[in-house]
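Here's the structure we're looking at; comments come further down.
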Amino acid sequence: MKKGLFGLGLPAVAAAGLAAGLAMTADAKGSASPIPLKDAKLNIEHNATDNDTGFQGFVDSEGWRNLTVKGPDGTVLYFEGRGELGQLGLTELFFESVEPANADVPIEEILETLPEGNYRLSGKAMENGEGLGQTSGTAWLTHTIPAGPELISPAEGAVVATSGVVAEWGEVTETITGDDVNIIAYQLIIERDEDPHPHMIGKFGLSMYLPPDVTSIEIPDGFLEPGTAYKWEVLAIEESGNQTLSSGSFETG
């Protein structure tokens, strides 16, 4: 869902990436200060079904030329836009690291790559080919990883009708290590089990975020098609943004 992390030999996320902020504005005394990024996130995603773990990041801004990501142990990532689009400026970017199998790279070793704490993103702002000074923001990372939701219905491999189908999963109350966890939302994703159109970003499917007290919802009539295979997953999201997914499959008759 979900490249080389730092120190694990996982392939590095290439330049041209993180969406960053805007420019410098003058204060009342005429001095300049960086404009905050619109958004900056750095999270852990754990797959409880496939047993793998990695990192995800997201930035949003008005435009940037380059960005450096620094954490408690120093610089961990650098992005730079080059060529014509680099001159124009970049805005949003979502990125993921590879997610090595826990059997090959234990979770404890993955977490050593990025310690808990605040990560500072800063760099040069760019919009419409014009340099606008500096931009910066902060992303918060914790090592709190929720347990995976138990998928209840549809059962794995079930054949269901095209209407009146309820997706249901178990409440998540603990982390993967058995500690208490504060779940702020669940995300339900259902997609056709097929390759997407070669020129389309994404697959035919639905995605919805639900409050933490909701653990079942009826799939809208008209969404499921007869004789079609589907994959579905539920992500439990805790308060720092870390998330764990469980996945399954079903088909319609």
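The values are calculated or read from the model by the stated rules, or taken from the named source; none is laboratory data. The structure displayed is predicted, hence computed values, not measured ones. When we count neighbours, we look across all protein chains shown, and the Cβ atoms used for this are built from the backbone with ideal geometry, even at glycine.
Being exposed (fewer than 14 other Cβ atoms within 10 Å of the Cβ) and over 30 Å from Thr177 (Cβ atoms) is the filter; apply it to the range 93-137 and report the residue that is modelled with the highest pLDDT. Among them, the one singled out is Glu130.
I'm trying to understand the selection: among the residues of the range 16-44, which are surrounded by fewer than 22 Cβ atoms within 10 Å (Cβ to Cβ) and at pLDDT 95 or above? Within the range 16-44, Lys38, Asp39, Lys41, Asn43 meet the criteria. Hey, any hits in the range 47-54 for a residue that's polar (S, T, N, Q) and touching a helix residue (DSSP H, G or I) at 6+ places or on another chain (Cβ under 7 Å)? Checked the range 47-54: at least one residue is polar (S, T, N, Q) and touching a helix residue (DSSP H, G or I) at 6+ places or on another chain (Cβ under 7 Å). Taking each residue of the range 205-224 that is under 15 Å from Thr162 (Cβ atoms) and looking for partners that are of a type in the set (S, T, N, Q) with beta-carbon atoms closer than 7 Å, six or more apart or interchain, yields Asp221/Ser163; Leu224/Thr162; Leu224/Thr252.
Looking at Asp179, Asp213, just one residue is under 13 Å from Pro146 (Cα atoms) and modelled with pLDDT of 95 or more, and that residue is Asp179.
For the range 231-241, name all the residues that are closer than 16 Å to Ile44 by Cβ and surrounded by fewer than 24 Cβ atoms within 10 Å (Cβ to Cβ).
Initially, the range 231-241 is screened for residues closer than 16 Å to Ile44 by Cβ, giving 235-241.
Selection gives Ile237, Glu238, Glu239, Ser240, Gly241.
Per this entry, Phe223 is counted among residues that are outside any strand (DSSP E or B), of a type in the set (Phe, Trp, Tyr), modelled with pLDDT of 95 or more and more than 23 Å from Ala139 (Cβ to Cβ).
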